[in-house]
1. Suppose we keep only residues that are closer than 13 Å to Ile280 by Cα and in a loop (DSSP other than H, G, I, E, B) within the range 238-257. Which one would you say is nearest to ligand 2 (Cβ to nearest atom)?
2. Pull out all pairs, ordered by first then second residue, where Cβ-Cβ is under 6 Å, the residues are six or more apart or on different chains, the first lies in the range 48-75 and is closer than 20 Å to Leu121 by Cβ, and the second is in a helix (DSSP H, G or I) and at pLDDT below 95.
3. Scan the range 75-87 and give yes if some residue there is touching a strand residue (DSSP E or B) at 6+ places or on another chain (Cβ under 9 Å), surrounded by 17 or more Cβ atoms within 10 Å (Cβ to Cβ) and farther than 30 Å from Arg209 by Cβ, otherwise no.
4. Working carefully through the options Gln218, Gln152, find the one that is under 30 Å from the mean Cα position of the chain (by Cα) and either within 16 Å of ligand 1 (Cβ to nearest atom) or surrounded by fewer than 16 Cβ atoms within 10 Å (Cβ to Cβ) (or both).
5. What helices (runs of 4 or more DSSP H) completely inside the range 289-398 contain at least 1 residues that are β-branched (Val, Ile, Thr), at pLDDT below 90 and more than 11 Å from ligand 2 (Cβ to nearest atom)?
6. Do the conditions hold for Asp137, that is, is it under 25 Å from Ala50 (Cβ atoms), charged (D, E, K, R) and out of contact with any His (no Cβ under 8 Å at 6 or more places or on another chain)?
7. Being touching a residue at least 60 places away in the same chain (Cβ under 8 Å), charged (D, E, K, R) and more than 9 Å from ligand 1 (Cβ to nearest atom) is the filter; apply it to the range 91-119 and report the residue that is surrounded by the fewest Cβ atoms within 10 Å (Cβ to Cβ).
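The values are calculated or read from the model by the stated rules, or taken from the named source; none is laboratory data. Since this is a predicted model, take the numbers as computed values, not measurements. FYI the Cβ positions are ideal-geometry reconstructions off the backbone, even for glycines, and counts take in every protein chain you see.
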Amino acid sequence: MSIKKTESYEEALEKEERIAEEERTKTGEFASFDDAAEAEKEEALRAERAKADEQLPPDPEALLEVRHLKKYFPLKKSLGGKVLVSLRAVDDVSFKLKAGETLGIVGESGCGKTTLGRTILKLYEPTEGQIFFDGQDIANYKPSKMRPLRTQMQIIFQDPYSSLPPRSTVGGILSEPVKVHKIVPKSEIKSYVLKIMEQCGLRDYYYERYPHEFSGGQRQRICIARALTVNPKLVICDEPVSALDVSIQAQIINLLKKLQMTMGFTYLFISHDLSVVKHISDRIGVMYLGSMVEFGDKDSIFSNPLHPYTQALFSAVPNPNPDVKMKRIVLKGDIPSPANPPKGCKFHTRCPKAMEICSHIAPVYKEYEPGHFAACHCYPQGEDTPVAERMEAVTMEE
Ligand SMILES: Nc1ncnc2c1ncn2[C@@H]1O[C@H](COP(=O)(O)OP(=O)(O)OP(=O)(O)O)[C@@H](O)[C@H]1O
Ligand code: SF4
Ligand SMILES: [Mg+2]
């Protein structure tokens, strides 16, 4: 390998790899392959699957069921208003969340976690897809139809500083939603609010105080209390502890867990901190560039991560057991732009296991173990028998 004076060793190495890849493509199995036609075919297949799934009834066990959800932000429009370029912030995401459970959503910055949460709450209008909340598809609900459901779905934001109005007292902040949504009779509002404050570890004399008089942890408790005043079923927590010290993080996480046990909340917990997600979640969804690349229950995702991206993310989590030696997988390059995602598998530009097929054909998102989904060419892609039927056949053979 020759290195020009102006390029670093890494740049020269990358160039070598690119040339080798181009050579392989010229001569390999995909030499005369039409990527654009393949992308079109994939899009049509996805639309066909979404259409078929549209007919299915919602899962009665799931409080939240998201099917083929997309949120594209238009970046460039023609004079006639036609969208020419869009940013695919959430791109065909599907999952189910049972009542009383916590689903952790992880992924690098910009992968679409917040957009997913906000689209589920209908703070953003979905581009396509279905959102079943408690059995109703709310994806196309108008704001007036959403209003009665607003109390049932709440969000807690990352930044407790900017999400509280500075000129209201804690009592005023917490009483407001109770009044607006007529949760209890007027005469009982104060005692109701004080009870919620106590549940969230806030002393009763905080009632008369202002947000600037509190620490970050206490402010986040106020935000949690505000979300709870309307007695929601689903709480979306968007990086609720990222802005806090580690010791305070643990207190807030334990508070959320305690509230879930006593009040049966269902959480969608967004975070880029895998240790926190591991602690609080029942199920985990891993996102990359707007797509869900792996989904499953916490134990199978941590003990048997299937997707190379999940493997790389988890290799960075410190293991408390000194006998377990984890090899850290460092991903090369930056996350590409969701406005112009790589062809084929969106992760192929950074994947340590990428094969030739990966840069041409997108892998199918499939269930490989009961409830454990992944999208990767390392695993069989064919439309084989559904997992439940396979399991049945295995049991019968035995
Ligand atoms: N209102 C918007 N208009 C246009 N693009 C947006 C908008 N909101 C988000 N995006 C883009 O969508 C992509 C996903 O953003 P999002 O905030 O959902 O990521 P994230 O995973 O929450 O990141 P972080 O971990 O940094 O919070 C990003 O490329 C972002 O620039
Ligand atoms: S499909 Fe290919 S590039 Fe994508 S994650 Fe799997 S091995 Fe890596
Ligand atoms: Mg975010």
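1. Residue satisfying both the conditions and the ranking: Glu239.
2. From residues that are closer than 20 Å to Leu121 by Cβ, the pairs are Arg67/Asp53; His68/Ala50.
3. Yes - at least one qualifying residue is present in the range 75-87.
4. Answer to the selection: Gln152.
5. It comes to 387-397.
6. Here the answer is yes, as Asp137 does meet what is asked.
7. Ranking the qualifying residues of the range 91-119, first place goes to Lys98.
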